[in-house]
Amino acid sequence: MMRIPDSLLLGSATAATQIEGGDRNTNWYAWSLAGGVTGGESSLPGADHYRLFREDVDLMASLGHQCYRMSVEWSRVEPQPGQWSSEAIAHYREEISLIRSHGIVPLVTLHHFSCPQWFQDRGGWVSIDCVDTFLRFCRTVVEELGDLVSEWCTINEPNVFANDTYMDGRYPPGHCGDVGSYLRASRNMVLAHLGAYRIIHETRAQRGYSGQTRVGFAHHLAVFQLARTTPLALLSRWLINRLFHEIFFAGFVEGRLIPPLGIGRPAGTGPFCDYVGINYYSRHLITPTCNPTAMFGRIGVAPDVPDERLTDLGWEIFPSGLGDVVAATWQRYHLPIFITENGVADATDSKRARFIHDHLEHLLRAIDNGARVERYFHWSLLDNLEWNDGYAPRFGLVEVDYETMKRHVRPSARYYRDLCRTRTLLEVEDD
Ligand code: FCB
């Protein structure tokens with residue numbers, strides 16, 4: 001059985017909007033009221049974590065987690081422009097202190113898909129002053145929480161965010177095929193990351209906060225597959241890869257704007273990232289199209305994938321892809337890698353333990369081959385609001401009964417706990 005090296009911490013990840021509940025200032029509340037979530041569900045309940053956070057932190061500690069990725073909700077911390085909520089800040093201080101008291105290392109995300117409604121009303125990530133507005137928020141959060149947190153994730157999945165907001169219409173304000181906004185928002189997020197990287201380092205250094213400051217972002221990396229390698233298909237894959245992966249690698253990790261985002265080095269010389277965060281879920285089949293508003297390709301799942309390799313959301317389970325994206329990212333940058341998300345929608349919990357085993361197996365092989373991987377955050381600690389897909393997809397190690405908000409530890413969570421405790425990739429007992 002494979003050993004899990006001590007340098008790789010195992011834990012779980014969540015995002016505020018998906019679990020906290022009770023926030024009417026986020027743009028996801030208005031979006032859900034307007035019918036943006038499947039079945040007309042509301043973002044308001046979440047998993048009631050804002051109220052139940054003490055119970056949830058105890059739970060993650062009892063499950064042996066060594067690190068925890070969470071986000072702070074911008075709309076709670078800054079409910080009106082330039083007005084800061086001392087209640088929200090005190091809340092996050094208490095939650096993070098509790099996490100640390102269990103010896104769990106926190107990683108805090110500053111932007112995980114949601115924003116205050118006022119920010120969206122001003123044009124969101126395509127508005128003229130969005131970068132400065134976001135950086136003002138970052139500065140305040142790091143001043144207020146920076147003594148408790150040394151590891152930061154500036155922006156979660158800028159590619160998925162920009163795509164689902166401006167191309168696919170799934171996230172508020174729901175534009176479709178708006179390539180101009182896709183590129184503009186992506187460029188602004190690059191600039192926001194570069195600014196936040198500097199602010200976080202400077203603030204923690206000036207204030208003498210302890211612990212090694214580490215700042216990165218969470219890049220969603222997908223494996224793209226072609227049915228046939230025709231010239232059009234190759235071109236389509238190149239373009240999708242460029243627009244979905246490369247412009248973000250160049251911007252966030254290398255500090256470079258590359259076409260079609262722009263050209264040049266807006267923030268001088270680096271570094272721009274202390275680790276690369278990878279969110280990995282699936283492999284996608286690309287079918288080429290000549291439609292620029294669809295990024296020249298449609299994305300789907302190969303027709304021959306058997307049901308047992310599909311998640312409840314119909315995503316292909318493709319564990320070797322994790323090893324491949326990790327190896328490629330390590331080769332490219334030689335920066336520490338955090339697996340900031342990896343998980344499965346699996347309501348019956350019949351696939352999750354095997355999913356974890358198989359993905360970790362490929363990850364450990366990549367580590368054996370030299371990649372420095374320091375964190376694995378399983379998505380997710382709890383069942384949660386899966387954005388526009390609502391509450392039906394069940395990603396939690398821990399099940400949430402949405403009637404009572406009671407938590408039930410799933411068998412796969414116990415399997416994962418045993419990995420955390422024994423530091424060994426235990427076999428999965430199939431029933
Ligand atoms: C990722 C998101 C995360 C969650 C998972 C399933 O794209 O970052 O919030 O919804 O997908």
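Computed from the coordinates by the stated procedures, all read-outs in this text should not be read as laboratory data. Quantities reported herein were computed from a predicted structural model and do not represent experimental measurements. Positions of Cβ are backbone-derived with ideal geometry, glycine not excepted, and every protein chain shown enters the neighbour counts.
When the P(r) is computed for region 1-147, the part past 23 Å accounts for 40% of the Cα-Cα pairs.
Report summary: the helix-based calculation at 222 nm, which adds -39500 (n - 2.57) for every DSSP H run with n ≥ 4 and divides by the residues of the chain, gives -11500 deg cm²/dmol.
Alpha-carbon geometry of region 223-272: the Rg and the Dmax are 13.6, 42 Å, given in that order. The modelled label-to-label distance between residue 287 and residue 202, using points 7 Å beyond Cα along the C-beta direction, is 5.0 nm. For region 198-246, the convex hull drawn through the C-alpha positions has a volume of 80 cubic angstrom per residue. Converting phi to 3J(HN,Hα) with the Karplus coefficients 6.51, -1.76 and 1.60 and the offset θ = phi - 60°, region 251-264 yields x, 6, 8, 9, x, 10, 8, 10, x, x, 6, x, 9, x Hz in sequence order, with x at every glycine or proline.
Compute the whole-percent fraction of alpha carbon pairs in region 288-327 spaced more than 11 Å apart. Roughly 71 percent, rounded to a whole number. Starting from the Cα of residue 404, move 7 Å in the Cα-to-Cβ direction to define the label point; list residues of region 42-82 whose amide nitrogen is under 20 Å from there. It comes to 45-60, nothing else. Along its principal axes, region 1-49 has C-alpha extents of 50, 20, 16 angstrom, given from the largest down.
Using every pair of distinct Cα positions in region 154-236, the Kirkwood expression returns a hydrodynamic radius of 15.3 angstrom.
Here the 3J(HN,Hα) profile of region 390-404, calculated from phi with Karplus coefficients 6.51, -1.76 and 1.60 at θ = phi - 60°, is x, 8, 5, x, 10, 9, x, 5, 10, 7, 10, 8, 6, 6, 10 Hz, Gly and Pro shown as x. Between residue 348 and residue 241, full extension at 0.36 nm per residue minus the direct alpha carbon distance yields a gain of 35.1 nm. Dividing the alpha-carbon radius of gyration of region 380-431 by the rule-of-thumb value 2.2 N^0.38 Å gives 1.33. With 0.36 nm allotted per residue and the present C-alpha distance subtracted, the residue 424-residue 1 stretch has 151.6 nm of extension available. Restriction of the trypsin sites (Lys or Arg not before Pro) in region 103-144 to DSSP coil positions whose beta-carbon has at most 16 other beta-carbons within 10 angstrom yields 122. Note on region 135-181: dipole from Cβ charges, positive end direction compared against 166, 135, 156; the farthest Cα belongs to 166. Principal semi-axes of the equivalent ellipsoid, √(5λ) from the alpha carbon gyration tensor of the chain, are 28, 28, 23 Å from largest down. Using all pairs of distinct alpha-carbon atoms, the Kirkwood hydrodynamic radius of region 281-350 works out to 14.3 angstrom.
3J(HN,Hα) couplings calculated from phi for region 133-148 with the Karplus curve 6.51 cos²θ - 1.76 cosθ + 1.60 (θ = phi - 60°) are, in sequence order, 5, 5, 5, 5, 4, 4, 4, 4, 4, 6, 5, 7, 10, x, 6, 9 Hz; Gly and Pro show x.
Enclosing the Cα atoms of region 314-431 in their convex hull gives a volume equal to 120 cubic angstrom per residue. Once you divide the Cα radius of gyration of region 164-208 by 2.2 N^0.38 Å, the number left is 1.64. A viscosity of 0.692 mPa s and a temperature of 37 °C, combined with the Kirkwood radius over C-alpha pairs in the Stokes-Einstein formula, give region 181-293 a diffusion coefficient of 208 µm²/s. The fraction of all Cα pairs in region 236-373 landing in successive 10 Å bins from 0 to the largest distance is 11, 32, 35, 19, 3, 0, given as whole percents. Charges were assigned to the Cβ only: +1 to each Lys and Arg, -1 to each Asp and Glu. The resulting dipole of the chain about its Cα centre is roughly 1300 debye.
Taking amide H as placed 1.01 Å from N in the peptide plane, the amide H of residue 227 sits under 5 Å from that of 286, each at least 5 places away or on another chain. Segment residue 86..residue 228, full-extension length gain: 45.5 nm, with 0.36 nm per residue of separation and the alpha-carbon distance subtracted. Hull volume per residue, based on the alpha-carbon atoms of region 268-315 and their convex hull, is 142 Å³.
For region 83-126, the direction-averaged projected area of the alpha-carbon convex hull comes to 4.0 nm².
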